[in-house]
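Peer 1: Would you mind keeping the following structure in view while I ask a few things?
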Amino acid sequence: MRAHYLQHVPFEGLGSIEPWLDANGYEITVTRLFEAGEFPDLSAIDLLVVLGGPMSVNDEMRFDWLAREKRFVRNAVASGKPVLGICLGAQLIASALGSQVYPNGVKEIGWFPVCGVASSAHSTFGFPRSMKVFHWHGETFDLPPGAVHIARSEVCENQAFQIGNSVVGLQFHLETTPASVLDIVSNCRDELTSARYIQTEAEILSAKAETYRSINQMMSEVLSSLHQNQGTALESARK
């Protein structure tokens, strides 16, 4: 099996996703868009992960690869491949499927809770009633057509969605590790202004080991769900 990921900046990588992929037998390949990387043949990959980044999905004039990336993501979703979008990645899925992405009322940066949506009975993955996760975003999105709303926060309604059994979009970061938090803080600390939903650098870096274990375990559950559904799809295709 082959997992491919789309990386937008050097300091936002796979985090805890990488050891999960290794443990579950995936070959890992990457398109580094900041190096003008090429997109793979969709038929050659089994799972697509679209990572975060500080740019907006609406910045096509600044980043000419965004339009091509949206086409690739749209085709991946249409093909039935398992697709996971994280932060910018979730926004890219929404935009690729025709939904609007726009500034949220406030920026959300740091460790804040998200809440599972009780109406998500039609999804195959559910979040707990409340869970502290890592955020770094200033934009939000309308839910894509056919999406099931699965998480919200106090200041951002659309925090997570699922489309069918194969697509999950997360506005927040479950893959975060102590090393990846340090990377994003080091590269984006100019965004740490004084605001209610923007924590200080010290607050962000003081997260306990148990907090990381909790979000990484939830990331594993999301990946396991997509992996199992991918396996079911492959079995159906062989029949």
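Peer 1: Residues of the stretch 191-204 being among the polar types (S, T, N, Q) and surrounded by fewer than 19 Cβ atoms within 10 Å (Cβ to Cβ), which ones? Talk me through it step by step, then tell me what you get.
Peer 2: Within the stretch 191-204, the first condition is being among the polar types (S, T, N, Q), and the residues that meet it are 193-194, 199-200.
Passing the criteria: 193, 194, 200.
Peer 1: Next question. Within the stretch 213-225, which residues are at pLDDT 95 or above and touching a Ser or Thr at 6+ places or on another chain (Cβ under 7 Å)?
Peer 2: Within the stretch 213-225, 215, 216, 219 meet the criteria.
Peer 1: List every residue pair whose Cβ atoms sit under 9 Å apart, with the two residues 6 or more apart in sequence or on different chains, where the first one lies in the stretch 14-32 and is of a type in the set (Gly, Ala, Ser) and the second, anywhere, is part of a strand (DSSP E or B).
Peer 2: Hits for this filter: 15/173.
Peer 1: Here is a follow-up. Restricting the stretch 44-62 to residues that are of a type outside the set (Lys, Arg) and free of Cβ contacts under 8 Å to residues at least 24 places away in the same chain, which is nearest to residue 170 (Cα to Cα)?
Peer 2: 59
Peer 1: Moving to a separate point now. Of 152, 74, which residue is closer than 23 Å to residue 2 by Cβ and either of a type in the set (Val, Ile, Thr) or more than 13 Å from the chain's Cα centre (by Cα) (or both)? So that I can check it myself, show each step before the final result.
Peer 2: Working: 152 fails: closer than 23 Å to residue 2 by Cβ.
Going through 152, 74 in turn, just one is closer than 23 Å to residue 2 by Cβ and either of a type in the set (Val, Ile, Thr) or more than 13 Å from the chain's Cα centre (by Cα) (or both): 74.
Peer 1: Tell me which of these residue 144 doesn't satisfy, since it passes every other one: (1) within 28 Å of residue 205 (Cα to Cα); (2) in a loop (DSSP other than H, G, I, E, B).
Peer 2: Exception for residue 144: condition (1).
Peer 1: Just checking, which of 30, 57 is in contact with a Lys or Arg (Cβ under 8 Å, 6 or more places away or on another chain), surrounded by 12 or more Cβ atoms within 10 Å (Cβ to Cβ) and either β-branched (Val, Ile, Thr) or not in a loop (DSSP other than H, G, I, E, B) (or both)?
Peer 2: Going through 30, 57 in turn, the sole match is 57.
Peer 1: Would you mind finding the one in 51, 42, 14, 6 that is buried (at least 20 other Cβ atoms within 10 Å of the Cβ), at pLDDT 95 or above and more than 21 Å from residue 133 (Cα to Cα)?
Peer 2: 6
Peer 1: Please name all residue pairs, on different chains or six or more residues apart, with Cβ atoms under 9 Å, provided the first residue is in the stretch 96-119 and is farther than 24 Å from residue 163 by Cα and in contact (Cβ under 8 Å) with a residue 40 or more places away in the chain and the second residue is of a type in the set (Lys, Arg) and surrounded by fewer than 20 Cβ atoms within 10 Å (Cβ to Cβ).
Peer 2: Partner pairs satisfying both residue conditions: 106/196; 111/132; 112/132.
Peer 1: Okay, moving on. With respect to the numbered conditions (1) within 16 Å of residue 84 (Cβ to Cβ); (2) in contact with a strand residue (DSSP E or B) (Cβ under 6 Å, 6 or more places away or on another chain); (3) surrounded by fewer than 20 Cβ atoms within 10 Å (Cβ to Cβ), which one is the sole condition not fulfilled by residue 176?
Peer 2: (3)
Peer 1: Among the residues of the stretch 174-200, which ones are basic (Lys, Arg) and either farther than 23 Å from residue 160 by Cβ or touching a helix residue (DSSP H, G or I) at 6+ places or on another chain (Cβ under 8 Å) (or both)?
Peer 2: Selection gives 189 alone.
Peer 1: Given the stretch 81-141, what strands (runs of 3 or more DSSP E) lie entirely inside it while holding 2 or more residues that are touching a Phe, Trp or Tyr at 6+ places or on another chain (Cβ under 6 Å), crowded, with 20+ Cβ neighbours inside 10 Å and at pLDDT 95 or above?
Peer 2: Result: 101-116, 131-141.
So that you can scan it fast, the table gives a plain yes or no per residue for (1) surrounded by fewer than 21 Cβ atoms within 10 Å (Cβ to Cβ); (2) among the charged types (D, E, K, R); (3) assigned to a loop (DSSP other than H, G, I, E, B):
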residue: 156; (1), (2), (3): no, no, yes
residue: 169; (1), (2), (3): no, no, no
residue: 189; (1), (2), (3): yes, yes, no
residue: 207; (1), (2), (3): yes, no, yes
residue: 219; (1), (2), (3): no, no, no
residue: 223; (1), (2), (3): no, no, no
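The values are calculated or read from the model by the stated rules, or taken from the named source; none is laboratory data. These numbers come from a predicted model, not from an experiment. Glycine gets a Cβ as well: all are built from the backbone with ideal geometry, and neighbour counts include every protein chain shown.
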